Amino acid sequence: MKRSKFLFSLAAIPLAAGLSPLSKSLNSLVNQNERSKNTMSKFELPPLPYSYDALEPYIDKMTMEIHHDKHHAAYVANFNKAIEGTAAEGKTIEEIFKNVSKYPIAVKNNGGGVYNHSMFWKVMKKNGGGAPTGALADAINSSFGSFDDFKTTFNNAATTRFGSGWAWLIVKDGKLAVISTANQDNPLMDNAETKGTPIFLMDVWEHAYYLKYQNRRPEYIANFWNVINWDEVNKNFASAK
Ligand code: MN3
């Protein structure tokens, strides 16, 4: 670009926009630095990887908006508060889970809420569903007999979890297993009933389905299979082995 043209464009834009785009971007850079200084070891709410209405008609837009922006956001905020000033500060969430029973209960409850939801958004997608493929499909067939048998086992775990909690597909000792946990517990926690590496999960808290399904948890569970991102579960499986 010729110098004269460059000068012209710098001068011309502020006149039109009212505020120099250069000073705008400098401002945001400074703010970013301030933010990262202040939030060094803090956990952040990951953005939803699709729009709020992407999972319609199976999971409705308002549920997704409240679930992500309010529930998940609250877990993140409360987790940061719970670890502040403790030995958990600065550690990864997986490291914290390895000793979670040594911390106040708020670390477990909110840390689980942070981790579980972050994983949950990613195992769903628009136009998802169908059957798993590749190594995961083979492992499901050899562990459960067939995909349908796996679904029956998983649905049963999700349906019979009393109160709030999660159903999980985990890798335990190199094999697949289906479990469920209460509240925001997860199988990476030191005090988990069954420990393992989670690769797939389903939220069965009422906040995950009540607006659309009210008390009909089994209907929500049945429809959940239409939004699954099997590529993501395959990726989780590959890194868990
Ligand atoms: Mn939830």
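Computed packing ranks the peptides 113-122, 214-223 as 113-122, 214-223, most packed first, by mean other Cβ atoms within 10 Å.
Using the beta-carbon distance between THR152 and MET62 and R0 = 30 Å, what value does 1/(1 + (r/R0)^6) give for FRET efficiency, to the nearest 0.05?
After rounding to 0.05, the efficiency reads 0.50.
Averaging the sequence gap over all C-alpha pairs within less than 8 Å and six or more residues apart, then dividing by the number of residues, gives region 61-122 a relative contact order of 44 percent. The count of lysine pairs in region 134-240 that are at least 8 places apart or cross chains, and whose C-alpha atoms lie under 27 Å apart, stands at 10. With 0.36 nm allotted per residue and the present C-alpha distance subtracted, the ASP53-ASP173 stretch has 39.4 nm of extension available.
With θ taken as phi - 60° and the Karplus curve 6.51 cos²θ - 1.76 cosθ + 1.60 applied, the whole-hertz 3J(HN,Hα) list for region 217-230 is 4, x, 5, 4, 4, 4, 6, 4, 5, 7, 10, 6, 9, 5 Hz, x standing for glycine and proline.
Using the crude model of +1 on Lys and Arg Cβ and -1 on Asp and Glu Cβ, and no other charge, please compute the dipole size for region 134-240 relative to its Cα centre, in debye to 20.
Details: 9 positive and 12 negative charges, 31 e Å.
Charge dipole, region 134-240, about its Cα centre: 140 debye, nearest 20.
Extending 7 Å from the Cα toward the beta-carbon at both GLU95 and SER164 defines two label points whose distance is 2.9 nm.
Expressed to the nearest 5 percent, the antiparallel share of DSSP beta bridges inside region 87-241 is 100 percent.
Computed from the coordinates by the stated procedures, all read-outs in this text should not be read as laboratory data. Quantities reported herein were computed from a predicted structural model and do not represent experimental measurements. Cβ coordinates were reconstructed from backbone atoms using ideal geometry, including for glycine residues, and neighbour counts include every protein chain displayed.
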